[in-house]
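The values are calculated or read from the model by the stated rules, or taken from the named source; none is laboratory data. Worth saying up front: this structure is predicted, and the values here are computed from it rather than measured. Heads up, the Cβs are rebuilt from the backbone with ideal geometry, glycines too, and the neighbour counts pull from every protein chain shown.
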Amino acid sequence: MIRNYDKLIFELSKEGRVGYSLPKSEFDGCCMCSELPANLCRESLPILPEVTEFDVVRHYTNLSNKNFGVDTGFYPLGSCTMKYNPRINEEMAAHPAFAGLHPDAPTCSAQGALEIYYNLAQALSEISGLASFTLNPYAGAHGELTGLMIMRKYHILRGDLKRTKVIVPDSAHGTNPASAAVCGLQIVEVKSTPKGTVDVEDLKPLLDDTVAGIMMTNPNTLGIFETEIPEISRLVHECGGLLYYDGANLNAVLGKCRPGDMGFDIMHINLHKTFSTPHGGGGPGDGPVGVRAGLEHLLPNPQVKKGADGIFYLDADNASAGYVSNFLGNFAVIMRAYTYILTLGRENVKMVGPLAVLNANYVKESLKEEYYLPIEGVCKHEFVFDGLVDKSTGVTTLDIAKRLLDYGYHAPTIYFPLLFHQSIMIEPTETESKETLDEFIGVMKKVACEAIENPDVVKSAPHSTPVRRLDETTAARFPKTTYRQMKG
Amino acid sequence: MKYFPHTQDDIDKMLQVAGLKSMDDLFGEIPQQLLFNREFALPEAMSEVEIRKFFEALGKKNSQLVCFAGAGVEDHYSPSIINPIISRGEFLTAYTPYQPEISQGTLQYIFEYQSMICELTGMDVANASMYDGTTATAEAMMMTVAAAKKRNKVLVSATMNPKVRRVVDTYALYNGIVVESIAEKDGVTDLADLEIKLQGDDVAGVILAQPNFYGVVEDYTGVAEMCHARKALMVMNANPLALAVLRTPAEWGADIACGDGQTLGIPMNYGGPYVGYLACTNALVRKLPGRIVGSTTDVDGKRAFVLTLQAREQHIRREKANSNICSNQSLMALFVTIYMSLMGNKGLKEVNRLSYDGAHYMANKLVATGKCSMAFDKPFLNEFAVKTTVSPEKIQEALLAKGILGGVRIADDMLLLCVTEQRTKDEIDLLVETVKNL
C-alpha cells in the first residue's frame with residue numbers, strides 16, 4: 001500500500017500511454033473524420049488521462065484504501081441499515097445471461113429476467129402485505145416520489161382536484177417533504193408527542209378535504225413504533241386521504257408486522273437497506289413501490305404481468321401514474337435482492353427484524369448512562385441519543401462522531417432527526433455480532449470518558465484518518481468541482 | 001443462518017441487558033392485531049449451490065442475442081478491470097460520503113468523474129451523477145423552470161428518445177409544467193417551429209437531443225441565440241461517448257447538458273443500473289440538484305475532497321430543496337470514470353470510429369439489398385433509421401431466428417439499427433444476408 005497516496009488520475013497522465021485495446025477495423029472505405037461535416041465535430045480536445053491499465057488498477061486500489069465500507073468495519077449509521085452485503089448476490093447480478101440483455105429485446109428472449117422481476121415483486125407483496133409492486137423506481141427517494149405520484153393520480157382520477165396537501169411528521173426523513181414538493185404537493189407538518197410519536201390530537205384538525213394523504217415511517221426515525229397507527233389510519237381514510245409508508249425503516253419489523261396490515265395504501269422499500277444490496281458509495285439502489293388492492297392500475301409503466309399461459313409480458317396501463325424510469329429499474333439490483341431473499345428463505349426472513357431490534361436495544365441500554373437518552377423504552381431497529389449526558393466540557397455530537405473514526409468505526413447518523421440538538425442515531429443491524437457490539441460499546445464509553453478527561457483530543461479528532469477535519473466553508477464559498485477549475 | 005451471528009447464549013445475555021425476558025418482548029408494545037402470525041409464503045432457504053443452479057436455469061429462459069439494438073442503450077465493450085475494482089468492498093459497501101475523513105476514495109473518484117463529464121460536455125460544472133438519462137433530463141427540465149421563476153413551459157424536440165420524453169412528461173405533469181413538442185422535419189428538429197413556439201416569451205427551457213433518437217447528428221447552429229433571445233435556457237441531452245468526437249453542448253451554446261452514461265462501457269443489464277449525468281454553466285450551479293464534490297484542504301493543509309454546496313439539498317432544505325434526490329449513482333459513476341481513464345481521448349475516438357465504420361458499412365449494404373432505404377439523408381455516427389419494404393416485424397422475426405436482435409421498431413415501416421465496436425463484419429453480413437433473403 002502506498003502511504004499518503006494523493007494523486008488524481010489526471011496527474012498520472014503521460015502523453016502516448018494507452019490503457020485499452022480495441023479490434024482493428026474490418027471496414028474499408030469509411031472515414032468518419034472526413035465524412036462528418038466539420039461544424040458537427042468538436043473544436044476543443046477534452047483533457048482525459050493517458051494512462052496504462054496498470055496505472056488505473058493501482059490508482060483506484062489506492063483510492064479504495066482511503067474508504068470505509070461495511071466490509072471494513074462496523075457502520076452504525078442510523079436510518080441507513082448498513083448490513084452485510086453477501087457476495088453471492090454480486091455473482092448472480094453479474095450473470096452473463098442477464099447482464100447482456102438489451103431492454104428492447106423481445107420479451108420472448110427475456111423470460112428468465114421477467115420471471116425474476118415478477119417473483120421479487122410477489123415476495124415483496126408477501127413480506128409487506130401490499131397487493132402489488134413495481135420495481136421500476138431507482139432509489140428510496142425515487143420510490144417516494146413515485147408513491148406520491150400514485151397518490152395524486154388516485155385523487156385526480158376520482159376528479160378530486162383540491163387534495164394537494166400532504167401531512168408529514170416533524171421527525172420525517174428530509175426526502176419526505178422534498179419528494180412531496182417535487183410532486184407538486186404542499187407540506188403540512190404534524191407534531192410529535194414528547195414520547196416521539198405522531199400527536200394524534202395535533203393531526204385531527206389538519207384532516208380536511210384538501211389532504212391527499214400522510215407520509216409516515218413505522219417505526220419512525222426515533223426508532224419508536226407508532227402504536228396509534230390503527231387510529232391514524234382510520235382518521236386519514238375517513239377524511240378521504242391515503243397513507244404512505246416510507247420503507248426506510250422496514251428492517252425493524254421485517255417478519256413481525258406488515259405495513260399493509262397497519263393500514264398503509266402505498267409504500268416504498270429500499271432494496272439497498274432491507275434487502276442487503278450494497279450502497280455503492282451512494283447508489284445504485286432500487287426503490288420498489290407497493291400498493292394495496294384496488295390501486296394496481298396506478299403503478300408506473302411498464303408493468304410486468306404473467307399470462308394465463310405462464311408467459312411473462314410487459315403492459316402499460318392508461319391510468320398509470322406514468323413512466324418514472326428508463327425501463328424496469330435497476331435490474332441488476334433487483335437480482336441481488338432476490339438472491340438475498342432466496343438465501344434467507346421463509347424461515348430466516350422472519351428473524352431479520354427481531355435480531356436487528358435486539359441489537360439496537362442491547363447497545364441503547366449499554367450506553368444510556370454516558371449518553372443522554374431522551375425517550376426511554378424499548379426501541380426498534382435504531383434509537384437516538386441527544387449527545388452526552390455530561391455536556392459541560394462542550395464536546396459535541398460532531399466531535400464524538402469524528403473521534404469514533406479514530407477508533408476504526410464509521411460514525412452514527414448525526415444531527416438527525418431534527419427534534420433534538422445533538423442527535424446521535426445508531427442502527428446496528430442484525431448482521432453484527434455481540435462481540436462487535438461490545439467493542440463498539442467499549443469505545444463509545446471511552447470517548448465519553450475522554451470528553452471529560454481530555455476534551456481537546458475529542459474536539460480535534462480525527463487524528464489517524466487519511467485526512468483530518470476539512471475546510472468545508474472555503475469549499476462552498478469558492479467551489480472547485482473539476483480538475484480544470486482546480487488547476488485554475 | 002450464515003448471515004446471523006447470534007447464538008442462543010448471545011440472545012439470552014443481550015435480552016438480560018435490555019431488561020427483557022423474551023424476543024417477543026421486543027415487540028410488546030405493538031397492538032396484537034398488527035402482529036404477523038403465520039409462515040411467509042416464500043421458498044425455503046437455498047444454499048449457494050442451489051442458488052447458482054436456480055439462476056442458471058432462469059438464465060436459460062433468456063436468449064443471448066447479437067445486439068443491433070440501440071435507442072439509448074448500446075452494447076459497448078466493458079474493459080475487464082472495471083468490475084474487480086468497483087467490487088472492492090471499500091467502494092461497494094460504503095454509504096454516501098458523509099464522513100469525508102474516511103471517504104476520500106469515493107469523494108475523489110466523484111471529483112474525477114465530474115471533471116471528465118465537464119471535459120466531454122464542455123460545461124463548467126457537473127453533479128455527482130443521477131439515476132439515469134431519463135431522470136437526469138427531467139431534472140434538467142425542472143432546473144430551467146426553477147431558473148426562469150415565472151415560466152412553466154418547456155419545449156422538447158420530437159426527435160427526443162420517447163423513453164426520455166415520457167419520464168419528462170411524468171415529472172412535468174405533477175409539477176404543473178407544460179411540455180410542448182417542437183416538430184420534426186426530415187429527421188431533425190424543425191427550427192422554424194422552434195422559433196414560432198419561442199415567440200410567446202413563456203418558455204423556460206428547450207430540450208434537444210444529440211445524436212437524436214434517429215441517430216442523426218443535428219446541426220444546432222443559431223439555436224442557442226434563438227433560445228437566449230427569448231430568455232429560454234437550452235438543454236442538450238447528448239450521448240457522452242459521442243461527445244468525444246461531436247461538437248459539445250457548450251460549443252453549441254447550451255446551458256445544461258444531460259444524458260445517460262450507459263454508452264461508456266456499462267453492461268446493458270436489462271435496463272439498469274446505468275448512470276445519468278447532469279452538467280451546466282457556472283451561472284446555474286446553485287440550481288443543480290444532487291450531490292456535488294469540491295476540493296478543499298484539511299486542517300494540516302492536505303488536499304482533500306468534500307460534498308459541497310449542500311444548502312441546495314433535501315437533508316438541509318427539506319421541501320425547499322432543488323430536488324428530492326438524496327443519493328447519486330455513485331458506483332456506476334466510478335464505473336464510467338475508470339472506463340474514461342482507460343480509454344482516454346484516443347480510445348473514445350477509436351470506439352466511435354469503429355462503431356461509425358460498422359454502421360456505415362451496414363447501412364450501405366442494407367440499402368443495396370433493395371429491402372431498405374435510409375429514412376433520412378442526414379449525417380449519423382453509429383445508429384440510423386431505415387425504411388423497410390418488408391414489415392419490420394418480419395425482419396426482426398427472421399433475425400431472431402438467427403440469434404440476432406434486429407434493432408428497434410420505431411414506426412410501421414421503420415427500423416432503428418445500432419452498431420458498436422463489438423459487432424464484427426461477419427455478424428453484420430449475416431444480418432444483411434437475412435434481410436436480403438426475405
Please return the ranges of helices (runs of 4 or more DSSP H) entirely within segment B:1-118 where 2 or more residues are modelled with pLDDT of 95 or more and more than 7 Å from every other protein chain (Cβ to nearest Cβ). B:8-17, B:48-59, B:82-86
Within the group B:Ala279, B:Ala333, which residue is more than 8 Å from chain A (Cβ to nearest Cβ), in a strand (DSSP E or B) and within 26 Å of A:Ser44 (Cβ to Cβ)? B:Ala279
Qualifying residue in segment A:309-324 (condition: assigned to a helix (DSSP H, G or I) and touching a helix residue (DSSP H, G or I) at 6+ places or on another chain (Cβ under 6 Å)): no
Only one of A:Lys7, A:Lys83 is at pLDDT 95 or above and surrounded by fewer than 18 Cβ atoms within 10 Å (Cβ to Cβ), namely A:Lys7
Within segment B:398-408, residues surrounded by fewer than 20 Cβ atoms within 10 Å (Cβ to Cβ) and facing chain A (nearest Cβ under 9 Å) come out as B:Leu400
Residues in segment A:225-248: is at least one under 17 Å from the mean Cα position of the chain (by Cα), without any contact (Cβ under 8 Å) to a residue 12 or more places away in the chain and surrounded by 24 or more Cβ atoms within 10 Å (Cβ to Cβ)? no
Of residues in segment A:113-158 being at the interface with chain B (Cβ under 9 Å from one of its Cβ atoms) and of a type in the set (Lys, Arg), the one farthest from A:Phe327 (Cα to Cα): A:Arg152
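Does A:Tyr362 fit the bill of being in contact with a helix residue (DSSP H, G or I) (Cβ under 7 Å, 6 or more places away or on another chain) and assigned by TED's automatic domain parsing to the domain that holds A:Pro428? First the steps, then the outcome.
Working: in contact with a helix residue (DSSP H, G or I) (Cβ under 7 Å, 6 or more places away or on another chain): yes; assigned by TED's automatic domain parsing to the domain that holds A:Pro428: yes.
Judged against the criteria, A:Tyr362 is a match.
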Tell me whether segment B:362-374 contains one or more residues that are more than 24 Å from B:Leu243 (Cα to Cα), without any contact (Cβ under 8 Å) to a residue 12 or more places away in the chain and assigned to a loop (DSSP other than H, G, I, E, B). no
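Can you tell me which residue among B:Thr121, B:Thr137 is touching a residue at least 60 places away in the same chain (Cβ under 8 Å) and touching a Cys at 6+ places or on another chain (Cβ under 6 Å)?
Just a single option satisfies the conditions, and that option is B:Thr137.
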Return only the number of the condition from (1) more than 14 Å from every other protein chain (Cβ to nearest Cβ); (2) not basic (Lys, Arg); (3) not in a loop (DSSP other than H, G, I, E, B) that A:Phe420 does not satisfy. (3)
Mind checking whether some residue in segment B:208-231 is of a type in the set (Lys, Arg) and under 29 Å from A:Met149 (Cβ atoms)? no
Can you tell me which residue in segment A:303-322 is nearest to the other protein chains (Cβ to nearest Cβ), limited to those that are free of Cβ contacts under 8 Å to residues at least 40 places away in the same chain and either of a type in the set (A, V, I, L, M, F, W, C) or within 13 Å of B:Thr170 (Cβ to Cβ) (or both)? A:Ala316
Hits in segment A:13-60 - residues which are of a type in the set (A, V, I, L, M) and facing chain B (nearest Cβ under 8 Å): A:Val18, A:Leu22, A:Met32, A:Leu36, A:Leu40, A:Leu45, A:Ile47, A:Leu48, A:Val51, A:Val56, A:Val57
All-but-one check, A:Phe54 against (1) assigned to a loop (DSSP other than H, G, I, E, B); (2) surrounded by fewer than 20 Cβ atoms within 10 Å (Cβ to Cβ); (3) not polar (S, T, N, Q), failing number (1)
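Condition check ((1) closer than 22 Å to A:Glu369 by Cα; (2) more than 26 Å from the chain's Cα centre (by Cα); (3) outside any helix (DSSP H, G or I); (4) within 14 Å of another protein chain (Cβ to nearest Cβ)) across all residues:
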site	(1), (2), (3), (4)
A:Met425	yes, no, yes, yes
A:Ile441	yes, no, no, yes
A:Lys446	yes, yes, no, no
A:Ser464	no, yes, yes, yes
A:Ala476	no, no, no, yes
Give B:Leu307, B:Leu288 a once-over and let me know the one that is farther than 19 Å from A:Leu48 by Cα, within 9 Å of chain A (Cβ to nearest Cβ), among the hydrophobic types (A, V, I, L, M, F, W, C) and in contact (Cβ under 8 Å) with a residue 12 or more places away in the chain. B:Leu307
Lone unmet requirement of (1) touching a residue at least 60 places away in the same chain (Cβ under 8 Å); (2) touching a strand residue (DSSP E or B) at 6+ places or on another chain (Cβ under 7 Å); (3) part of a helix (DSSP H, G or I) for A:Ala123: (2)
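Here is a yes/no grid of residues against (1) under 26 Å from B:Asp25 (Cα atoms); (2) without any contact (Cβ under 8 Å) to a residue 40 or more places away in the chain:
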site: A:Asp386; (1), (2): yes, yes
site: A:Ala411; (1), (2): no, no
site: A:Ile414; (1), (2): no, yes
site: A:Leu437; (1), (2): yes, no
site: A:Asn454; (1), (2): no, yes
site: A:Arg477; (1), (2): no, yes
Residue by residue through segment A:87-103, note down the ones that are crowded, with 21+ Cβ neighbours inside 10 Å and within 7 Å of another protein chain (Cβ to nearest Cβ). A:Met92, A:Phe98, A:Leu101, A:His102, A:Pro103
Selection count, segment B:270-326, where residues are within 21 Å of B:Met142 (Cβ to Cβ) and of a type in the set (Asp, Glu): 2
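Can you find, within segment A:353-375, the residue that is farthest from the other protein chains (Cβ to nearest Cβ) among those that are more than 18 Å from the chain's Cα centre (by Cα) and under 24 Å from A:Gly285 (Cβ atoms)?
Residue satisfying both the conditions and the ranking: A:Ala360.
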Determine whether segment A:76-97 contains at least one residue that is small (Gly, Ala, Ser) and free of Cβ contacts under 8 Å to residues at least 24 places away in the same chain. yes
Looking at (1) out of contact with any strand residue (DSSP E or B) (no Cβ under 9 Å at 6 or more places or on another chain); (2) at pLDDT 95 or above; (3) within 11 Å of another protein chain (Cβ to nearest Cβ), which is the only condition A:Pro412 fails? (1)
Filter result (in contact (Cβ under 8 Å) with a residue 12 or more places away in the chain and either touching a Lys or Arg at 6+ places or on another chain (Cβ under 6 Å) or in a helix (DSSP H, G or I) (or both)) within segment B:416-437: B:Lys425, B:Glu427, B:Ile428, B:Asp429, B:Leu430, B:Leu431, B:Val432, B:Thr434, B:Val435, B:Lys436
